[in-house]
Amino acid sequence: MRVIQGDITDMNTDAIVNAANSGLLGGGGVDGAIHRRAGPALAEYCRPLAPCPTGQARITPGFGLAVRWIIHTVGPVWRGGRHDEAALLAACYTNCLHLCAPHGIRSIAFPAISTGAYGFPKRQAAEIALQACRSFLARFGTELEVLFVCFDRTQHDIYAALLD
Ligand code: APR
């Protein structure tokens, strides 16, 4: 597991993860950036895969992106922490990772799901992301490379400190 600062649409891992909404047709933030660079064929492909419930994941080709696969997951909206937000966020990471082996994915890049428009506290979200991925790797995925791509320095430093 590694953290880097950057734009997830520049990654050339086997797969990148999109922080989508249940409609899967694009939006702002990382979702908007991915749909813009993948092109309109992505939304067309996504249409029959919707709705995607919170915590679950759907896989599509990368279309105009350098990656072979995009895994779309829907993070929880932060509503104070008593609405199962932590478990749903962990499920996002775990469900994305479960799609890797069946699709031959050996490297995957995650954004900080739910920490933008959906308002999840950044440090808590990073702890959940790392814990969910660490448990998954311990159980199944010794070969899998997991990258956390942080758009801003603050988020990067939170991950870096936790990974230390
Ligand atoms: N690469 C990496 N990270 C990015 C990028 C990018 N190009 N753009 C934004 N981010 C970061 C943000 O800084 C934030 O930390 O991704 C994190 C998640 O933010 P959002 O994209 O707002 O995702 P989320 O909080 O899960 O909200 C999802 O936003 O745009 C809509 O359609 C999307 O409705 C859904 C909601």
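Computed from the coordinates by the stated procedures, all read-outs in this text should not be read as laboratory data. If you're wondering where the values come from, they're calculated on a predicted model, not measured in any experiment. Cβ sites come from the backbone with ideal geometry, for glycine too, and all protein chains shown count toward neighbours.
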Tally the DSSP beta bridges in the chain and give the antiparallel ones as a percent, rounded to 5. 25 percent
Kirkwood hydrodynamic radius, computed over distinct alpha-carbon pairs, for the range 6-164: how many Å, to one decimal? 15.4 Å
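Are there DSSP H segments in the chain that both extend 18 Å or more along their axis (alpha-carbon positions) and score a mean Kyte-Doolittle hydropathy of at least 0.0? List them, or say none.
Details: long enough: 85-98 (20 Å, 0.81); 122-139 (26 Å, -0.13).
Result, helices passing both filters: 85-98.
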Stokes-Einstein diffusion coefficient for the range 47-122 at 4 °C in a medium of 1.567 mPa s, Rh from the Kirkwood formula over Cα pairs: what value in µm²/s? 98 µm²/s
Exposure proxy check: 49, 137 ranked by fewest other beta carbons within 10 Å? 49, 137
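Taking the Cβ-Cβ separation of residue 106 and residue 135 as r and a Förster radius of 25 Å, what is the calculated FRET efficiency to the nearest 0.05?
Values: r = 19 Å, r/R0 = 0.76.
Given R0 = 25 Å and the Cβ-Cβ separation, E is 0.85.
How much length would be gained if the chain were fully extended between residue 83 and residue 123, taking 0.36 nm per residue of separation minus their Cα-Cα distance, in nm to one decimal?
Details: separation 40, 0.36 × 40 = 14.40 nm, distance 1.80 nm.
The residue 83-residue 123 span can extend by a further 12.6 nm.
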